[in-house]
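Here is the structure we will look at.
The values are calculated or read from the model by the stated rules, or taken from the named source; none is laboratory data. Note that the structure is a prediction, hence the values are computed from the model and not measured. So basically every Cβ, Gly included, is an ideal-geometry build from the backbone, and we count neighbours across all protein chains shown. Areas reflect the complete protein model, heavy atoms only, side chains present, ligands, DNA and RNA absent. Shrake-Rupley method; radii C 1.70, N 1.55, O 1.52, S 1.80 Å.
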Amino acid sequence: MVSVLWIAAALMALRLVADLVLSALNRAEVRRHAGEPPAAVAAIMDRPTYGKAVAYTLEKSRFGMLTEIFDTLVLAMVLFGGVLPALFDIAAGWGGPDSTWNHALFILLAAVLLSIPALPFEWWEQFRLEQKFGFNKSTPGLWVMDKVKGALLMFAIGFPLLWVLLSVVAWTGANWWIWGFVLMFGFQLLMLILYPKVILPLFNKLTPLPEGDLRTRLLALGDRTGFQAKTIEVIDGSKRSGHSNAYFTGFGRFRRIVLFDTLIAQLTAEELEAVLAHEIGHYRRGHIPKMIAMSAVMMLAGFAAIAWLARSPWFNPAFGFPPGQIAPSFLLFGLLSGAITFWFGPLGNLLSRKYEYEADAFARDAMGGPAAMIGALRKLAQKNLTNLTPHRWFSGFYYSHPTLVEREAALVQS
Ligand SMILES: [Zn+2]
C-alpha cells in the first residue's frame, strides 16, 4: 500500500518540478531580452509597451509559481491526510446500502472543499495583479456573485449528472465504463449547444452585432468563405477584464461566433474581418469535429482507466477508501490524473498550433493578403501585454498558439 502512495507523490512532485523549471527558464529568457527586444519584436511593440509586457509576464509567472506550489501542497495534504475517507464515511451514512445519491454528493462536496483554499489566490490575481496592469474591470461584489453562481451551478448540474453516472455504473455491470462514457460524451455534446444559450447568459450579456458597416462586412465575409452565419454575437467581456478575445463554439447547425466587446473597441473593421476569417478557417478546415473526436478518445481511455483502477484491490485502500467503491475511485482519478495528462499536454498543443497556422493561412487568403491579420495580431499582443520572447521549451510545452513572431513569419512566407 505504501508503494502506491509513493508513486502518487512522486508523480505529483515530478509535475511540480517540471512546471517550476520551465517557468524559471521562461523568466530567465524574458529577462535576457528585457533591455533590448529582438528586431522582430521591436517591430511589433513600442518600447514602453514592451517594458510593461516584460513586467507583467515576470510578475504573473512568479505568482503562478506560488500558486502551483500551494495547490500541490493542499492536494497532497488532502490526499494523504485522511480527510477524504472521513468525509466518505459521513456521506455513506446518509443513505442506504444501495443508494447512490449520497456518493454523488460526496464527490461534489470534496470538489467544493478542495476549491476553497485557492480562493484567496484567485482574489489576489484579479484585484492585485490584473488591477496593477489595468486589466481588472470586475468588482468585489461581482467576483463574489460569480463564485456563488458557479457553486450553485455545480450542484444544479453536477449533482444529477453524477447521480445518473453512478446509477449507470450500478446497473450495467462490468462494461459500465462504456456506458458511462456514452453518457458523459453525450452530456459534453449537449453542453456545447446549451452552454452559450443557458449558462453563459447567467454571467454575461450576449447581444447580436448591431446593423451597420461592420455587420455588413462580416456577413459578406461569411458568404464569401462558405460560412452562412445567422448572427454574430458580442459578449460584454469588458464587465470583468480588459483582455480581448474572439471565439467560435458549437458545431454543425449550432455553430456560433462570439466577439468580445473589448476586441471590437480595439480593432479596425478590416482587422475584425481578419479575426473572423481566422475563426471561419477553423470551421472550414474541420478542426472542431477533429478536436471533439480526440477528446472523445481521451475520455474513453479515462473511463477504461477508472474501471481498471476501481477493480484493483490496491487503488482505493491505498488512500484509505474501501475497495470496490466507485465514487472514491472517480474522485481519486480526478485528483491524480492531472499529474499524468500534464505530460501529454505538449502533444495536444503541437496539434493545436498546427491548426492555428492553417486558420491563419485561411484568413490571409480570404483577405487577399497578410496585412489585416498581422495588424490584428499585433494590436492584440499590445493590448494584452503578451510575452513575445518566451523560452522555446516553455512555448513548446504550454502554448496552444504559435508565438506572434512565428505566426507573422508563416503569414508572410508560405
Ligand atoms: Zn485560432
Q: Go through the residues of region 221-234 one by one and say whether even a single one is in contact with a strand residue (DSSP E or B) (Cβ under 8 Å, 6 or more places away or on another chain), assigned to a strand (DSSP E or B) and open to solvent by 60 Å² or more (accessible area, probe 1.4 Å).
A: no
Q: Identify, from the list Lys149, Lys132, Lys60, the residue that is closer than 25 Å to Ala13 by Cβ and either in contact with a Gly (Cβ under 6 Å, 6 or more places away or on another chain) or open to solvent by 30 Å² or more (accessible area, probe 1.4 Å) (or both).
A: Lys60
**Q.** Residues of region 251-266 satisfying the condition of being open to solvent by less than 30 Å² (accessible area, probe 1.4 Å) and within 15 Å of the ligand (Cβ to nearest atom)
**A.** Ile257, Val258, Leu259, Leu263
Q) Considering only region 272-302, how many residues are within 15 Å of the ligand (Cβ to nearest atom), in a helix (DSSP H, G or I) and of a type in the set (Gly, Ala, Ser)? A) 3
Q. In region 114-126, is there at least one residue being on the phi < 0 side of the Ramachandran plot, hydroxyl-bearing (Ser, Thr, Tyr) and more than 20 Å from the chain's Cα centre (by Cα)?
A. no
Q | One residue from Glu406, Glu356 being free of Cβ contacts under 8 Å to residues at least 12 places away in the same chain and either within 30 Å of Leu129 (Cβ to Cβ) or among the small types (Gly, Ala, Ser) (or both) | A | Glu406
Q) Hey, any hits in region 72-90 for a residue that's in a helix (DSSP H, G or I), touching a residue at least 40 places away in the same chain (Cβ under 8 Å) and more than 29 Å from Arg15 (Cα to Cα)? A) no
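Condition (residue is more than 20 Å from the chain's Cα centre (by Cα), at pLDDT below 95 and in a loop (DSSP other than H, G, I, E, B)) applied to region 189-207: is it met by at least one residue?
Yes, some residue in region 189-207 is more than 20 Å from the chain's Cα centre (by Cα), at pLDDT below 95 and in a loop (DSSP other than H, G, I, E, B).
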Q.
Residue pairs, Cβ under 8 Å, 6 or more apart or interchain, first in region 194-213 and open to solvent by less than 60 Å² (accessible area, probe 1.4 Å), second hydroxyl-bearing (Ser, Thr, Tyr). List them.
A. Pro196/Thr249; Leu209/Thr231
Q: Kindly provide the set of residues from region 383-414 that are more than 18 Å from His33 (Cβ to Cβ), of a type in the set (Phe, Trp, Tyr) and open to solvent by less than 60 Å² (accessible area, probe 1.4 Å), ordered by number.
A: Phe397
Q) Out of (1) within 16 Å of the ligand (Cβ to nearest atom); (2) surrounded by 15 or more Cβ atoms within 10 Å (Cβ to Cβ), what's the single condition that is false for Ala307? A) (1)
Q: May I ask you to list the residues in region 377-395 that are within 20 Å of the chain's Cα centre (by Cα) and among the polar types (S, T, N, Q)?
A: Asn384, Thr386, Asn387, Ser395
Q. With Leu351, Leu335, Leu380 as the choices, which residue is open to solvent by 20 Å² or more (accessible area, probe 1.4 Å), modelled with pLDDT under 95 and either within 16 Å of the ligand (Cβ to nearest atom) or in a helix (DSSP H, G or I) (or both)?
A. Leu380
Q) Is it the case that region 358-374 has a residue that's under 22 Å from the mean Cα position of the chain (by Cα), within 16 Å of the ligand (Cβ to nearest atom) and open to solvent by 20 Å² or more (accessible area, probe 1.4 Å)? A) yes
Q: Using the structure shown, decide if Ile340 is open to solvent by 50 Å² or more (accessible area, probe 1.4 Å) and among the hydrophobic types (A, V, I, L, M, F, W, C).
A: yes
Q | Selected residue (only one of Phe80, Phe88, Phe106 is within 22 Å of Thr341 (Cα to Cα) and among the aromatic types (Phe, Trp, Tyr)) | A | Phe80
